[in-house]
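Throughout, read-outs are computed from the coordinates displayed, never taken from laboratory work. Nothing here was measured: the structure is a model prediction, and the numbers come from that model. Glycine also receives a Cβ, built like all others from the backbone with ideal geometry; neighbour counts cover every protein chain displayed.
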Amino acid sequence: MRRTAVPAALAVLACAALAGCGADFDGNGSSKARAGVADVQDRTGSIDWGACDLDAMYGTAALTAAETAWAQALECGSVRVPVDYEDPDGLQVRIAMVRHPATGPDRTGSLVVNPGGPGGSGIALAQHPFLPDAVTAAFDVVGFDPRGTGASADLTCGSEEAFDAAVTAVAAADPAAITDAQSEALKTGAADFSGECARESDPVFLEHIGTMEVARDLEVMRSALGDDGLTYLGYSYGTYIGQLYLHLYPDRVRAMVLDGVVRTTGTVLDLAEGQAAGFEAAWRAFTAHCLTVEGCPLTSAAAADAELTAILTRAQAELGGSVTVPEMLEAVSQSLYSEAKWTALERLLAAAADGSLRDFAADLQALAGGEGAERGLPRPLPPVPVPQRDADADFYAVQCADRDNPGHFGAYADSARAAYAASPLFGAGISWSYLPCATWSADEPNPSSISGHGAPTTVLVGNTGDPATPYAWAQDAAGRLDDAVLVTYEGSGHTAYALGHACVDAPVTAYLTDLTVPEQGLRCPQELD
């Protein structure tokens, strides 16, 4: 049975079939698309906000008093946009939004937030209080689900279980040593997944699900919110949305904060190899910290890889192979996304080294998934911006279409070898995970040289030890944008603003609320418990 790609409540509104169009970037986007955005803005008007279905949003989650008060103030709405702005009367989609009204008497406007992904829900981010009080007093906090995500016509494809299994089998192996059978399983699994996605999805929607269209949707939302200029906070992949908005609409920006900056140049394999180096740096930072802690099971930086692998191998044997070493390594890598998880990870590894293996894998998965140490963080962490081979069709649909990626297996094998050399524990699996892009049907690469000429100062935030969006990417953006300042957090973990680092939070908050630009070259020291 053909799986529907769109929830019934927010369905793609079927109109005339559209022909595909190629990339046409004259200045800040194709003239037809610019005219289409203006046409949509003229007829959209304001957003009709109403009560949210809190039961659907929160389920049975136990909320604190502050979270309950926040939830009760939320309002939900949407804007209707064309799938293809070059045909504004064609196939339509509704972009789902949520708003928390400003709590203070002197409202500045709306702050639109995006948590990353691709595939991260801005609604899920905005349905919790995570920003400093000064920000929520001044702004309506607005989250949205980008097209293809969550309540905005969520894209679903066929099963990727075979591809997932093929990647898991080789994720921690030396790519030079994988067998012909393993290579064939990777090729077949990736091609079957991408092919099934193409067959099960509306071809026009799949072609126009990329970030350039999301940036245009954001401009329609800005107009519908009634703001003369966009105030935007993007994390991780959300920084890519922000950079393309700067490319298209530099004169429509009031303030923009991009935290955990994604590079706009290169292919998905360039991203993978950069992330491999980033995860290796984060693992080395964690190892160095662990070696200072009493009971750390690691004896030296040189031995750490082998000692971790030995612990995970014993756990796999104890659990009868129900959880594999590569699966546990992936959980370890996810735990590196937050310095707040380091202590819990150190304790888990110490207990496992002492023979307490029965609950180790479950506890490790819980830590990686956001339980335990993360609960005390001021905000949820952004979604992991690497392939998540478990029903994240929108991740692949965006990443594969946004960039001009290789179409042959050898390029991914070469990348896996390079990533493995950079990070033997974590690198190869990242490159292999992008293999569906080799056979993805939709391909409309975005502009890569983005200057944001004409925009006000953009504030970038970068962690020197960020595993998923390496600091070099933030430095590159700072050098490429016409007017940008870079706030540096000298620590690990993925992103830094609104995680309780006062040195980062204070100047970024002042910029958002008062347009006071942080000092150029501001560096904030690492803060560990």
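Observations on the structure shown:
- Note on the range 180-240: the alpha carbon radius of gyration divided by the globular reference 2.2 N^0.38 Å gives 1.74.
- Amide H within-cut-off set for Ala484, under 5 Å, with H built and near neighbours excluded: Thr458
- D (Stokes-Einstein, µm²/s), Kirkwood Cα radius, the range 86-145, 0.890 mPa s at 25 °C: 195
- On Cα atoms only, tilt of 502-514 relative to the major axis of the chain in degrees: 10
- Cα-based radius of gyration of the range 42-128 once divided by 2.2 N^0.38 Å, which approximates compact folds: 1.27
- Note on the range 15-173: Cα-Cα pairs beyond 22 Å make up 56% of the total pair count.
- From the Kirkwood radius over Cα pairs of the range 219-300, Stokes-Einstein at 25 °C and 0.890 mPa s returns a whole-number translational diffusion coefficient of 156 µm²/s.
- Crossing angle, helix 31-44 versus the chain [Cα axis fit, 0-90 degrees, rounded to tens]: 70
- Under the criterion of Cα pairs below 8 Å and six or more residues apart, the relative contact order for the chain equals 18 percent.
- The loop-placed trypsin sites (Lys or Arg not before Pro) in the range 243-326, going by DSSP, include none that has at most 15 neighbouring Cβ atoms within 10 Å of its Cβ.
- Two-decimal Rg to Rh for the range 391-439 - Kirkwood Rh, Cα set: 1.00
- Beta-bridge orientation, the chain: approximately 35 percent antiparallel, per DSSP, counting only bridges with both partners inside.
- Cα-derived Rg to Rh of the chain, Kirkwood definition: 0.95
- C-alpha long axis of helix 180-200 to longest principal axis of the chain, angle in °: 20
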